[in-house]
Every structure is written in C-alpha cells, then in structure tokens.
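The values are calculated or read from the model by the stated rules, or taken from the named source; none is laboratory data. As the structure is a prediction and not an experimental result, all values here were calculated from the model. Here Cβ is always computed from backbone atoms with ideal geometry, including for glycine, and neighbour counts include all displayed protein chains.
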Amino acid sequence: MDLFVRDWEELRRLPGVLDEAAGQAADITAHAVAWVARRDGFEPSPVCLLRPLAEAMDGVRAAFEAAGRTAVDALADLVQGVEAAAREIEASDAAVPECLPPLPEVA
C-alpha cells in the first residue's frame, strides 16, 4: 500500500486510513480462521484418506492468527508513530514565526 501525504488534511486522515486497514486485516484473519483453517472438511469419516490433514489445519489456523495479530499490531504502532510525528510537525510549524525576524515595513 502506498500512502502519500501532501498536506495537513491528509496527515490528519492518515490514522483513520491505517485503522481501517487494521480492521480489514482483522476481518481477513477472522475469515481465514473460520473458513480456511477448518478441520471438518478433512474429517467426514474415519476412513477418509485426507483425515491426517485435519491436524495440519490447527497449524494453519495458528499461522493465520499470528499473521493477523502481527499486521494489526504493526498498523497500531504505525498509527501511534504518525500521530506523534504529526504533533511534532504541527509544533514545529507553529514555532516558525517565533524564529523569524520581523519583516520590514513597506512604505
């Protein structure tokens, strides 16, 4: 995902965009855990040749859950960093007039 921040308004919207991405990651993880990593498709009968794959679905489920947590946590950390950076930029921007000498009066 490429994000470009060209103005203050985009910077203010960025945490919301990242929160939305975290929500999507959580939704994808929930879907994968519920529908992809299912044991029941491999356990229809005691003689099913694919039955050993049912145990593998536990590992698949754990991998999806770990990947989902990693993505959501990383996006939450990124939101905190963006918010901290925005506060620092706004403070620096507000301090600029104090650092500049007064402009000469125009006659």
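Residues in region 1-43 that are in a helix (DSSP H, G or I), farther than 23 Å from Asp77 by Cα, among the small types (Gly, Ala, Ser) and touching a helix residue (DSSP H, G or I) at 6+ places or on another chain (Cβ under 7 Å): 1 in all.
For region 68-84, filtered to residues that are of a type in the set (Gly, Ala, Ser) and under 8 Å from the mean Cα position of the chain (by Cα), the residue that is surrounded by the most Cβ atoms within 10 Å (Cβ to Cβ) is Ala71.
Here is a yes/no grid of residues against (1) modelled with pLDDT of 95 or more; (2) surrounded by 12 or more Cβ atoms within 10 Å (Cβ to Cβ); (3) on the phi > 0 side of the Ramachandran plot:
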{"site": "Val5", "(1), (2), (3)": "no, yes, no"}
{"site": "Glu10", "(1), (2), (3)": "no, yes, no"}
{"site": "Leu14", "(1), (2), (3)": "no, yes, no"}
{"site": "Gly23", "(1), (2), (3)": "yes, yes, no"}
{"site": "Pro46", "(1), (2), (3)": "no, no, no"}
{"site": "Pro52", "(1), (2), (3)": "no, no, no"}
{"site": "Pro102", "(1), (2), (3)": "no, no, no"}
{"site": "Ala107", "(1), (2), (3)": "no, no, no"}
